[in-house]
1. Could you please find all residues in the stretch 359-410 being over 22 Å from the mean Cα position of the chain (by Cα) and polar (S, T, N, Q)?
2. Looking at 140, 121, can you tell me which residue is at pLDDT 95 or above and at negative phi?
3. So, residue 146, is that one small (Gly, Ala, Ser), crowded, with 21+ Cβ neighbours inside 10 Å and under 19 Å from residue 15 (Cβ atoms) or not?
4. Please count how many residues of the stretch 552-587 are touching a residue at least 12 places away in the same chain (Cβ under 8 Å) and not in a helix (DSSP H, G or I).
5. Would you be able to tell me the number of residues in the stretch 463-490 that are under 14 Å from residue 516 (Cβ atoms) and either outside the structural domain of residue 531 (by TED's automatic domain parsing) or not in a loop (DSSP other than H, G, I, E, B) (or both)?
6. Which of the numbered conditions does residue 406 fail, given that it passes all the others? Conditions: (1) closer than 18 Å to residue 545 by Cα; (2) at pLDDT 95 or above; (3) in a helix (DSSP H, G or I).
7. Considering (1) modelled with pLDDT under 95; (2) part of a helix (DSSP H, G or I), say which one residue 273 fails and leave the rest.
8. Name every residue in the stretch 203-246 that is assigned to a helix (DSSP H, G or I) and of a type in the set (Lys, Arg), in order of residue number.
Amino acid sequence: MPSEGGDRSFTVVKLSGGEIVVRALEDEGIACAFGIPGTHNIELYDALAQSGQVRPVLVTDEQSASFMADGYWRASGRLACVNVVPGAGLTHALSGIAEAFMDNVPMLVLGCGIRQDFKKAFQLHDVDQLAIARPVTKSAVRIDRGEDLYPEIRRACAVARAGTPGPVMVEVPVNLYLSRHEVDPARWGAAVAIAPPVAAPEQIERAAAILNGPAVRPLIYAGLGAAALGADLVALAERLEAPVATTFQGKGVFPESHPLFLWNGFGDAAPPFARKVAAGCSATLAIGCRFSEVGTGSYGLEPPRPLIHVDIDATVPGRNYTTDLAIAADAAELVRTLLPRLGARERNEALLREIRDGHEAVWREWLSQNATDRVSPPRLLRALQASFGPDTVFTSDSGNGTFLAMECLRLERPGKFLAPVDYSCMGYSVPAAIGARLARPDAPVIALAGDGAFLMTGLELLTAANQGVAVAVFVLRDRELAQISQFQATALSRKTASVLPDYDVSGIAAGIGVDALTLSRDAEIETVLPQVRSRLEAGRPVLVDVAIDYSRKTFFTSGVVKTNLLRFSWPDRLRFIGRAVKRKLLG
């Protein structure tokens with residue numbers, strides 16, 4: 001143990017597997033471990049009880065545990081841990097693990113395994129967990145020796161953060177938790193460092209030559225991989241006088257109050273002004289993005305050529321759009337190197353005016369709807385930002401809530417819009433909000449939960465109440481699976497299995513000890529939001545039943561429908577359109 005004076009000069013000691021694992025978590029700076037204890041990992045939880053640094057958070061469902069760990073990182077950039085028991089614990093958590101994998105969120109999945117010290121068959125929970133986890137993790141390994149627990153967990157955390165981030169799974173057999181092991185903590189060493197790839201000098205020079213071309217008017221398309229650029233991304237856009245579009249995941253990496261901010265996307269799923277500005281560009285610098293299906297509106301955009309694509313993962317550039325220059329490098333380092341090689345351009349007043357007028361026209365259209373007996377999404381989202389301020393973290397769920405928030409919110413920094421994008425898993429918003437609030441207790445956290453998604457994980461508000469986590473959950477009630485019902489109504493002229501049974505939000509809130517409020521129309525926004533704020537300031541979670549008006553489709557929904565329809569042959573187009581028209585006429 002440490003000598004007097006705390007100088008950490010160690011000798012060989014005997015520690016339980018749980019104590020070693022907790023020490024690794026502490027040294028990684030992991031502050032929260034989300035999960036449910038079971039027979040196989042009670043020794044780990046006993047060791048967590050002795051830790052003053054790692055907080056075990058009891059959830060109602062392991063799916064929520066992985067969503068909480070996801071929200072924790074997205075809001076703070078700090079790693080969190082998911083504790084799962086063998087078998088069902090892992091499969092319950094798998095949706096959130098897959099979301100993290102598809103959305104590039106680092107996460108430590110600490111899986112417990114069955115006993116390996118005797119070879120009895122048909123043990124409790126005995127399934128091949130590593131085979132289950134490998135398709136949706138960067139790495140999935142089992143530790144077989146007690147002396148390997150500490151270094152392997154530290155290594156797994158390094159892998160999770162390195163390069164393209166993602167979840168890793170480490171399986172610890174229960175016998176390692178039950179046993180004590182001789183270890184020498186003095187030999188454990190520092191965290192593992194994995195260096196990112198570096199651009200070749202000739203790649204930097206070629207990129208500069210393209211962007212400095214006298215007739216080139218570039219477009220910048222930035223994803224989450226550009227989050228670390230900060231002021232350098234602003235300097236890059238201003239140096240090039242380039243409009244900046246972002247992916248959904250990249251929302252906020254470029255300040256959306258900036259005159260050069262275009263939209264979250266630039267193809268058919270964007271408003272007309274954004275499409276026009278992008279079409280007027282003559283090159284694209286794509287930074288830290290993958291041109292994925294959701295971000296591109298079902299691949300409904302075409303980047304202006306030439307295309308320079310920068311990503312830390314060398315396998316990404318060229319996958320969906322042919323590149324003229326592919327660079328595998330850390331985006332922040334590349335831009336720092338590139339900036340001094342770029343010549344400054346004159347301020348383009350016509351471009352800035354076109355972007356400004358476009359945004360103003362969109363908002364005029366949104367706000368032109370007369371107040372109805374329901375709540376207008378643009379008015380609600382604008383009021384939420386005005387009421388809770390620029391530090392507010394918003395979480396959303398798969399579907400309409402994500403697309404509305406993406407289009408209506410204006411963010412100044414990354415880590416403020418947490419949404420399930422490429423895996424698009426329902427049930428994300430409530431647990432992700434809890435994880436975000438635990439990571440950012442200084443910031444208001446608001447979940448925008450679809451009423452279908454709320455039925456999946458809304459009971460996690462019991463966890464929020466029990467843990468003293470003050471989040472506001474706005475349940476957007478249209479009593480349908482809104483995104484799917486809109487697609488069905490547009491393409492099929494009828495809805496099938498997308499209308500929800502009704503339920504009592506206030507009754508659910510009462511049953512789990514959470515305050516509930518009702519927001520029925522626009523006129524109530526100014527009176528309800530101060531009540532929400534007072535609950536949060538008192539340290540209490542609150543649930544708001546919102547009668548949302550989804551009558552106006554998002555630009556995203558309209559664009560995706562158009563893009564996919566145009567992919568079909570003319571006979572198929574006529575068949576789909578004819579069927580929809582016939583059903584509409586016949587009622």
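The values are calculated or read from the model by the stated rules, or taken from the named source; none is laboratory data. Keep in mind it's a predicted model, so treat the numbers as computed, not measured. Cβ placement follows ideal geometry from the backbone for every residue including glycine, while neighbour counts extend to all protein chains displayed.
1. Scanning the stretch 359-410 gives 368, 369, 370, 372, 376, 387.
2. Exactly one residue qualifies, and that residue is 140.
3. yes
4. Total satisfying the criteria: 3.
5. Here the count works out to 7.
6. (1)
7. Going through (1) modelled with pLDDT under 95; (2) part of a helix (DSSP H, G or I) one by one, residue 273 breaks only (1).
8. Of everything in the stretch 203-246, those that are assigned to a helix (DSSP H, G or I) and of a type in the set (Lys, Arg) turn out to be 206, 239.
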